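One structure is given here, and the rest of the page talks about it.
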Amino acid sequence: MVEGIEPGGRSAEIRERFAKDAAISETETMKSGKAVPLAAAFDYLEARAEGKAVRRPRARTWRGSR
């Protein structure tokens, strides 16, 4: 019975950690006013998936920081 419950517990922990990390990232982004443009992020990930050596995209100001 424990084997059947354990994967669900792990999944819940992973989801909780993901939600916490997302909240922290959102707070940091809103405070700094900087973010990586979505197209640049996708281009970077696609190039990495193809095995290319590429630089990480830089965060850019998208509004005045507070």
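The values are calculated or read from the model by the stated rules, or taken from the named source; none is laboratory data. Computed from a predicted model, the values in this text were never measured in an experiment. With ideal geometry, Cβ positions are generated from the backbone for all residues, glycine too; neighbour counts draw on all protein chains shown. Surface areas here come from the heavy atoms of the whole protein model, side chains and all, with no ligands, DNA or RNA. Shrake-Rupley method; radii C 1.70, N 1.55, O 1.52, S 1.80 Å.
Across the range 14-25, coupling constants 3J(HN,Hα) worked out from phi with the 6.51/-1.76/1.60 Karplus curve, θ = phi - 60°, read 5, 4, 5, 5, 4, 5, 5, 4, 5, 5, 5, 4 Hz, and Gly and Pro carry x. When you filter the chymotrypsin sites (Phe, Trp or Tyr not before Pro) in the range 5-66 for DSSP loop state and at most 16 other Cβ atoms inside 10 Å of their Cβ, you are left with TRP62. Here the accessible area of the range 18-66 is 56 percent carbon and sulfur, with a 1.4 angstrom probe and all protein chains present.
Each residue, TYR44 and GLU13, gets one label point 7 Å from its Cα in the Cβ direction; the gap between the two is 2.9 nm.
The phi-based Karplus calculation (6.51 cos²θ - 1.76 cosθ + 1.60; θ = phi - 60°) puts the 3J(HN,Hα) values of the range 39-54 at 4, 5, 5, 5, 4, 4, 5, 5, 5, 5, 5, 7, x, 7, 8, 10 Hz, whole numbers, x for Gly and Pro. Charges were assigned to the Cβ only: +1 to each Lys and Arg, -1 to each Asp and Glu. The resulting dipole of the chain about its Cα centre is roughly 640 debye.
Relative contact order, whole percent, for the chain stands at 35, derived from Cα pairs under 8 Å and 6 or more residues apart. Using the rule -39500 (n - 2.57) for each DSSP H run of four or more residues, divided by the residues of the chain, the 222 nm mean residue ellipticity is -22500 deg cm²/dmol.
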